[in-house]
Structure formats: C-alpha cells, structure tokens
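To start, the structure itself, in structure tokens.
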Amino acid sequence: MTPASRSTNTRDPEFQRLVDVSAIKELHIRYCRGLDRMDWDLIRSIYHPDAIDNHRKFRGGVEEFVHWCAEVLPRFACTTHVCANQFVEVHGDSGWMESTTLAYHRTYPTDDEPAADYMIILRYIDIVERRNGEWRILDRTIVHDTETIIPVGGEHARIAPVWLASTRDPTDASYAAALVAEQRAHGGDQRLSV
C-alpha cells in the first residue's frame, strides 16, 4: 500500500481529495510501467481481485488479462506507453479516471516486412474503488482514438551501441535505480552504474 492510498478521516477534505487523485493517477502510471517492463506482478497490483479488463480483443478477469499480456507483448521488440492527460473524479471511496495514453509498439522485422512502429492514441476509462485504504481498478475499458503504422528500416530499426538499451524485465536500469535509492535511504553509498 502506498502512503498516498491510505485514507485518514482527520485530513482536510480538499487535501484528502488531492491525495486520492494522486493515488488514483499512480495506478495508470504503474500499469504502463508494468506493460513496458513486462512486470506481471506490477500489473496485478493495480487491480482489485474481482476486476474486469475490457481491451476489446480481450475481456476478462485479472489473471486472464495478465496471461493474455504475457502472450501478446513478447511479440513486440519493445513497447512504450506514455501517460498524457488524466482526468479523475472522486466520490468517497469510489471514483473514475480517464487516462489518455500514447502507446508505441515496435514490431520485429520479418522476411517480407521491415520493423514498424505501431502507434495508438487511446483512453483507459477506469472505475476505481478504495478498499481497506487502497485504491485499485475495478473496471477498465479501452477506447481507441487513432492508430498508425510506420515502417522503420535501416539504421533506425535498432538502438545504436552508444546508448544503453532498455530491457523488458528486471535487468532494466530502472530496477537498479530503485535498489540504489532504497539502499541509500538506509545509509548506503551505492551509485547507479549500469
């Protein structure tokens, strides 16, 4: 449970609303990170156990959704989900959120086709609930606004060796940063060196 997800009845109502809005927005940010790093536990952590996810091509419960993601996402060389506008309304222990997202999916080249960037602008429409002091998603529906496919060939189809390439697992540099920050919080002097 994140500190922002806990509710206390002693807080000023406007301050509590801001804390709740922040905790609700964080759900989508954690979701996007979970997708891009293929971190299935992180994705699970944003949903209530009885949640339903409706991606149109998929509709079902949390475990089925995670299984579907684990089948679909490795078909792409990488994905990047960019959070844009987020609109949240809170009504006590219930609320809803609309999160506009730019989703980039780099396909693998085939014998017949070059790699391509499949880009979608979509909105996640969420019903959220606070249970036991923690906000999570109860219902999620995906609405597509636009999609585009752009072929990527030649040198642009790969990451130049001078750059640190991302990975889609716990070997990604972001996981190392989290460990360094935690160790430094407890008096360590570690630095990020990946």
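The values are calculated or read from the model by the stated rules, or taken from the named source; none is laboratory data. All of these numbers come straight from a predicted model, not from anything done at the bench. Positions of Cβ are backbone-derived with ideal geometry, glycine not excepted, and every protein chain shown enters the neighbour counts.
Which residues, counting only those in segment 30-48, are in contact with a strand residue (DSSP E or B) (Cβ under 6 Å, 6 or more places away or on another chain) and either closer than 21 Å to residue 130 by Cα or of a type in the set (Asp, Glu) (or both)?
Of the residues in segment 30-48, the ones in contact with a strand residue (DSSP E or B) (Cβ under 6 Å, 6 or more places away or on another chain) are 32, 35-36, 46-48.
32, 36, 46, 47, 48, listed by residue number.
Give the residue that is surrounded by the fewest Cβ atoms within 10 Å (Cβ to Cβ), with candidates limited to residues of segment 42-58 that are of a type in the set (D, E, K, R) and modelled with pLDDT of 95 or more. Full working, then the answer.
Of all residues in segment 42-58, those of a type in the set (D, E, K, R) come to 44, 50, 53, 56-57.
If we keep only those that are modelled with pLDDT of 95 or more too, we end up with 44, 50, 53.
Numbers: 44: 16, 50: 9, 53: 23.
Restricting to residues being of a type in the set (D, E, K, R) and modelled with pLDDT of 95 or more, the top hit is 50.
List the residue pairs whose Cβ atoms are under 6 Å apart, where the first residue sits in segment 60-79 and is closer than 14 Å to residue 32 by Cα, the second is loosely packed, with under 14 Cβ neighbours inside 10 Å, and the two are 6 or more positions apart or on different chains.
So the pair list comes out empty.
Given the criterion under 16 Å from residue 28 (Cα atoms) and more than 17 Å from the chain's Cα centre (by Cα), identify the matching residue among 182, 89. Step through it out loud before you land on a result.
Values: 182 fails: under 16 Å from residue 28 (Cα atoms).
One residue alone meets the criteria, 89.
Can you go through 98, 134 and tell me which one is in contact with a Phe, Trp or Tyr (Cβ under 9 Å, 6 or more places away or on another chain) and either polar (S, T, N, Q) or under 16 Å from residue 21 (Cβ atoms) (or both)?
Numbers: 134 fails: in contact with a Phe, Trp or Tyr (Cβ under 9 Å, 6 or more places away or on another chain).
Going through 98, 134 in turn, the sole match is 98.
With (1) surrounded by 16 or more Cβ atoms within 10 Å (Cβ to Cβ); (2) within 24 Å of residue 170 (Cβ to Cβ); (3) among the aliphatic types (A, V, I, L, M) as the list, and residue 29 as the residue in question, which single condition is left unmet?
Evaluating residue 29 over (1) surrounded by 16 or more Cβ atoms within 10 Å (Cβ to Cβ); (2) within 24 Å of residue 170 (Cβ to Cβ); (3) among the aliphatic types (A, V, I, L, M) leaves (1) as the failure.
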